[in-house]
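Student: Let me give you the structure first, and then I'll get to my questions.
The values are calculated or read from the model by the stated rules, or taken from the named source; none is laboratory data. What you see is a predicted model; the values in this text were computed from it and never measured. Ideal geometry is used to build each Cβ from the backbone, glycine not excepted, and the neighbour counts take in all protein chains shown. The protein model used for the area step is the full one, side chains on, heavy atoms only, and it has no ligands, DNA or RNA in it. Shrake-Rupley method; radii C 1.70, N 1.55, O 1.52, S 1.80 Å.
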Amino acid sequence: QVQLVESGGGLVQAGGSLRLSCAVSGRAFSSYYINWFRQAPGKEREFVGAISLGGGNTYSADSVKSRFTTSRDNTKNLVYLQMNSLKPEDTAVYYCAAQSSIGAPFDYWGQGTQVTVSS
């Protein structure tokens with residue numbers, strides 16, 4: 001089993017920055033991918049970005065590619081989502097999810113962390 005715990009959310013002003021963390025434990029090997037998703041009230045869950053634990057290859061949604069960056073620190077078993085130039089429409093619960101390879105199911109999810117961006 002893989003355990004994921006998100007942290008770092010909070011309330012920020014528009015234009016500000018936040019760095020979210022996803023702590024990864026259990027049987028998450030270097031071949032795994034960690035994905036970031038977000039979901040706002042009344043909206044569908046949206047893919048944000050992803051990273052391979054082994055190689056550090058990153059993937060980003062077009063809607064946030066210029067502002068958000070996914071990275072990892074394998075020595076600390078952490079995956080980060082750096083969010084800059086935040087907008088009110090970025091307000092959502094942010095989740096990390098693990099998959100064993102590209103195309104595999106997202107079998108493991110964290111509890112989510114709330115990000116609220118005020119005008």
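Student: Considering only residues that are out of contact with any Gly (no Cβ under 9 Å at 6 or more places or on another chain) and either open to solvent by 20 Å² or more (accessible area, probe 1.4 Å) or part of a loop (DSSP other than H, G, I, E, B) (or both), which ones fall in segment 78-102?
Tutor: L78, Q82, P88, E89, T91, S100, S101, I102, listed by residue number.
Student: Cβ-Cβ under 7 Å, sequence separation 6+ or interchain: first residue in segment 84-99 and within 15 Å of G9 (Cα to Cα), partner of a type in the set (S, T, Y) and outside any strand (DSSP E or B). Which pairs?
Tutor: Sorted first by the residue in segment 84-99, then by its partner, the pairs are N84/S17; L86/S17; P88/S119.
Student: Does segment 103-118 include one or more residues that are touching a Phe, Trp or Tyr at 6+ places or on another chain (Cβ under 7 Å), open to solvent by 50 Å² or more (accessible area, probe 1.4 Å) and within 13 Å of V24 (Cβ to Cβ)? Give the derivation first.
Tutor: Taking segment 103-118 as the starting set, the residues that turn out to be touching a Phe, Trp or Tyr at 6+ places or on another chain (Cβ under 7 Å) are 109-110, 112-113, 115.
Still in the running and open to solvent by 50 Å² or more (accessible area, probe 1.4 Å): 109.
Next cut, within 13 Å of V24 (Cβ to Cβ) only: 109.
Looking through segment 103-118, at least one residue is touching a Phe, Trp or Tyr at 6+ places or on another chain (Cβ under 7 Å), open to solvent by 50 Å² or more (accessible area, probe 1.4 Å) and within 13 Å of V24 (Cβ to Cβ).
Student: Separate question: Just to be sure before I move on: is T75 open to solvent by 60 Å² or more (accessible area, probe 1.4 Å), out of contact with any strand residue (DSSP E or B) (no Cβ under 6 Å at 6 or more places or on another chain) and of a type in the set (V, I, T) in the structure I sent? So that I can check it myself, show each step before the final result.
Tutor: Numbers: open to solvent by 60 Å² or more (accessible area, probe 1.4 Å): yes; out of contact with any strand residue (DSSP E or B) (no Cβ under 6 Å at 6 or more places or on another chain): yes; of a type in the set (V, I, T): yes.
Against the criterion (open to solvent by 60 Å² or more (accessible area, probe 1.4 Å), out of contact with any strand residue (DSSP E or B) (no Cβ under 6 Å at 6 or more places or on another chain) and of a type in the set (V, I, T)), T75 qualifies.
Student: Can you say whether V93 is closer than 23 Å to S119 by Cα, under 15 Å from the mean Cα position of the chain (by Cα) and at pLDDT below 95, as far as the supplied structure shows?
Tutor: Here the answer is no, as V93 does not meet what is asked.
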